[in-house]
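Asks: One structure is given below, represented as structure tokens, and several questions about it will come after.
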Amino acid sequence: MTKKTVKLGVFLAGTGHHVASWRHPHANPTANMSIDYFKGLAQTAEKGLFDLLFLADSLSVAKDSHPNILTRFEPMTLLSYLASATSHIGLVSTASTTYEEPFSVARRFASLDHLTAGRAGWNVVTTSLASTAANFNRPEHLEHGLRYKRANEFVEVTKKLWDSWEDDTLIINKETGQFIDESKFHEINHQGEFFTVKGPLNVSRSPQGHPVIIQAGSSGDGQLLAAKHAEIVFTAQENKEDAMAFYEELKSQLSVFQRTKSSLSIMPGLFPIVGQTEGEAKEKYEALQDLIIPEVGLAIMGRYFGDVDFSTIPLDTPFADISLPDHVDGIQSKYDLIVKRAIHEDMTLRQTYQWVAGSRGHHIAIGTPTQIADKIEDWVKGHAADGFNIMPALLPDSLTDFVERVVPELQSKGIFRTEYESSTLRGNLGLDKPINQYSQGN
Ligand SMILES: Cc1cc2nc3c(=O)[nH]c(=O)nc-3n(C[C@H](O)[C@H](O)[C@H](O)COP(=O)(O)O)c2cc1C
């Protein structure tokens, strides 16, 4: 029986995902605005035969925002550059369904798909940061449920626009002067609750038909959107049991939309800290943890609780003794995850913010290359994941370590590619090209 292969993405972010990475002696805090830096990271990830690299995005910052997001390239601008510096790795970025328009998003990702000869992917987010409204001429931020309702219609309209050109719309007959087959060039005339869009799109059908759709919300609404539209789901799962439960819960919803379980890959975030020995790996992790400024760590955690101010609470207070809001309108899944572990493991406030600020609730794997490869194999075999979104704690070091030391372990287990199978992201993920909803007979 052929072994299930692991899908790998890398989530690139400034000097690395650890909150204190920019203070590490190996980090270059200004690298976040250097294209050569990102070119180097992208080429390292491609050398590691990763399926994709991912650039997150947000649309509002404040003085206490993390250095990785305070100043950074607009992701599509950077991906357009990285398109010329790479040849096989998928290029994925975020675009918001709450603060963008479908026509602009459809156009940008179709353009990137042409630019990369079929390697584009869109991470569909509803933007959880309420402060964003003030940057977009909006009186208020849409509430959680409404954001997801708008997101569903947004994705539907975007797909219609991508389908407004069929594969063979372009005729380009200089003799007859016919450039397109008008019968295969479609106005979408969408009339919905949130959008009225006439179309067609002004970008011809891209190599993948549709860039790959990614989604990263884990709440009930988030899962429904993913079950309907997503081909990859990014998620934060702190342990294997939670990841298996999430995996089962989400995959069981696919049949509602006549989708197979293999049409969606679930890729939890993984925070690998690699060392020659387990001891060396632990030292690397502790070196980063020691760099966390308590106020910064507490503020990051406070945001997951709807801006609760933890700074006045003694750090040795048991987390279970702290009174918290009973729900949040922002990232609901992260709230549940933090409370569950902190109370289950009798953590103090100090231990909780140090854990949360370090990995933001994603799974941390500290160990030798073999130990980390064993863990990856165990989660994939155990239906807790189809792959991982690698979140290097310190860049470029943690990515280089993973590519040079863990990837060979995964290859020798026979669970990871030794060369790219295809030149498109869909091809490497084993995904079919979507059928065009306007093609005759559809
Ligand atoms: C790996 C990962 C990447 C994400 N990237 C972004 C991003 O780029 N921009 C953003 O606004 N939210 C991002 N999010 C947040 C999600 O889009 C979503 O808002 C969050 O998970 C809350 O969803 P929920 O309320 O459905 O749980 C990301 C989440 C995860 C797990």
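The values are calculated or read from the model by the stated rules, or taken from the named source; none is laboratory data. Remember, predicted model here, so these are calculated numbers, not experimental data. Virtual Cβ from ideal backbone geometry, glycine too; neighbours counted across all protein chains shown. With ligands, DNA and RNA removed, areas are computed over all heavy atoms of the protein, side chains included. Shrake-Rupley method; radii C 1.70, N 1.55, O 1.52, S 1.80 Å.
Asks: Of the numbered conditions (1) away from the ligand (no atom under 16 Å from the Cβ); (2) part of a loop (DSSP other than H, G, I, E, B); (3) open to solvent by 10 Å² or more (accessible area, probe 1.4 Å), THR15 fails exactly one; give the number of that condition.
Replies: The single condition THR15 does not satisfy is (3).
Asks: Among the residues of the range 200-226, which ones are touching a Lys or Arg at 6+ places or on another chain (Cβ under 7 Å) and crowded, with 21+ Cβ neighbours inside 10 Å?
Replies: The answer is LEU201, GLN208, GLY209, HIS210, VAL212.
Asks: Can you give me the number of residues within the range 118-137 that are open to solvent by 30 Å² or more (accessible area, probe 1.4 Å) and within 23 Å of THR235 (Cβ to Cβ)? Outline the logic, then answer.
Replies: Here is the first cut: in the range 118-137, the residues open to solvent by 30 Å² or more (accessible area, probe 1.4 Å) are 125, 128-131, 134-137.
Then drop every residue that is not within 23 Å of THR235 (Cβ to Cβ), which leaves 125, 128-130.
Number of matching residues: 4.
Asks: Report whether or not TYR353 is under 25 Å from GLY16 (Cα atoms), part of a helix (DSSP H, G or I) and within 16 Å of the ligand (Cβ to nearest atom). Show your work before the answer.
Replies: Numbers: under 25 Å from GLY16 (Cα atoms): yes; part of a helix (DSSP H, G or I): yes; within 16 Å of the ligand (Cβ to nearest atom): no.
Considered against the rule, which asks whether it is under 25 Å from GLY16 (Cα atoms), part of a helix (DSSP H, G or I) and within 16 Å of the ligand (Cβ to nearest atom), TYR353 comes out as no.
Asks: Let me ask you something else. What's the number of the only condition in (1) surrounded by 22 or more Cβ atoms within 10 Å (Cβ to Cβ); (2) over 18 Å from the mean Cα position of the chain (by Cα); (3) at pLDDT below 95 that MET1 fails to meet?
Replies: (1)
Asks: Filter the strands (runs of 3 or more DSSP E) completely within the range 172-273 down to those with at least 1 residues that are more than 13 Å from the ligand (Cβ to nearest atom).
Replies: Where strands (runs of 3 or more DSSP E) fall fully within the range 172-273 and carry at least 1 residues being more than 13 Å from the ligand (Cβ to nearest atom), they are 178-180, 212-215.
Asks: I'd like the residue in the range 334-348 that is closer than 14 Å to TYR304 by Cα and open to solvent by 40 Å² or more (accessible area, probe 1.4 Å) and, out of all such residues, is modelled with the highest pLDDT.
Replies: Out of the qualifying residues, it is LYS340.
Asks: Answer yes or no as to whether ARG107 is basic (Lys, Arg), under 17 Å from the mean Cα position of the chain (by Cα) and at pLDDT 95 or above.
Replies: no
Asks: Can you pull out every residue in the range 46-60 that is charged (D, E, K, R) and touching a Lys or Arg at 6+ places or on another chain (Cβ under 7 Å)?
Replies: Hit for the range 46-60 is ASP51, nothing else.
Asks: Still on this structure: Find the residue count for the range 147-166, including only residues that are within 16 Å of the ligand (Cβ to nearest atom) and either surrounded by fewer than 20 Cβ atoms within 10 Å (Cβ to Cβ) or farther than 10 Å from THR98 by Cβ (or both).
Replies: If we filter the range 147-166 for residues that are within 16 Å of the ligand (Cβ to nearest atom), which is where we start, we get 147-152, 154-155.
Subsequent filtering for residues that are either surrounded by fewer than 20 Cβ atoms within 10 Å (Cβ to Cβ) or farther than 10 Å from THR98 by Cβ (or both) retains 149-150, 152, 155.
Matching residues across the range 147-166 total 4.
Asks: Out of all the residues in the range 138-146, is one or more surrounded by 22 or more Cβ atoms within 10 Å (Cβ to Cβ), within 10 Å of the ligand (Cβ to nearest atom) and not charged (D, E, K, R)?
Replies: No - not one qualifying residue is present in the range 138-146.
Asks: Please state which one of ASN123, ASN152 is part of a strand (DSSP E or B) and within 18 Å of LEU225 (Cβ to Cβ). Give the derivation first.
Replies: Details: ASN152 fails: part of a strand (DSSP E or B).
On inspection, the qualifying residue turns out to be ASN123.
Asks: Within the range 95-111, restricting attention to residues that are outside any loop (DSSP other than H, G, I, E, B) and open to solvent by less than 10 Å² (accessible area, probe 1.4 Å), which residue is farthest from ASN135 (Cα to Cα)?
Replies: Top of the filtered list is ALA110.
Asks: For the range 63-79, which residues satisfy the criterion of being assigned to a loop (DSSP other than H, G, I, E, B) and open to solvent by less than 50 Å² (accessible area, probe 1.4 Å)?
Replies: In the first step, residues of the range 63-79 are kept if they are assigned to a loop (DSSP other than H, G, I, E, B); the result is 63-66, 71-74.
Once the filter is applied, which keeps residues that are assigned to a loop (DSSP other than H, G, I, E, B) and open to solvent by less than 50 Å² (accessible area, probe 1.4 Å), the range 63-79 yields SER65, HIS66.
Asks: Of everything in the range 85-94, what is in a loop (DSSP other than H, G, I, E, B) and either surrounded by 23 or more Cβ atoms within 10 Å (Cβ to Cβ) or of a type in the set (Val, Ile, Thr) (or both)? Give them in sequence order.
Replies: Answer for the range 85-94, where residues must be in a loop (DSSP other than H, G, I, E, B) and either surrounded by 23 or more Cβ atoms within 10 Å (Cβ to Cβ) or of a type in the set (Val, Ile, Thr) (or both): THR86, ILE89.
Asks: Considering only residues of the range 167-199 that are hydroxyl-bearing (Ser, Thr, Tyr) and out of contact with any strand residue (DSSP E or B) (no Cβ under 9 Å at 6 or more places or on another chain), which is surrounded by the fewest Cβ atoms within 10 Å (Cβ to Cβ)?
Replies: The extreme case among them is THR176.
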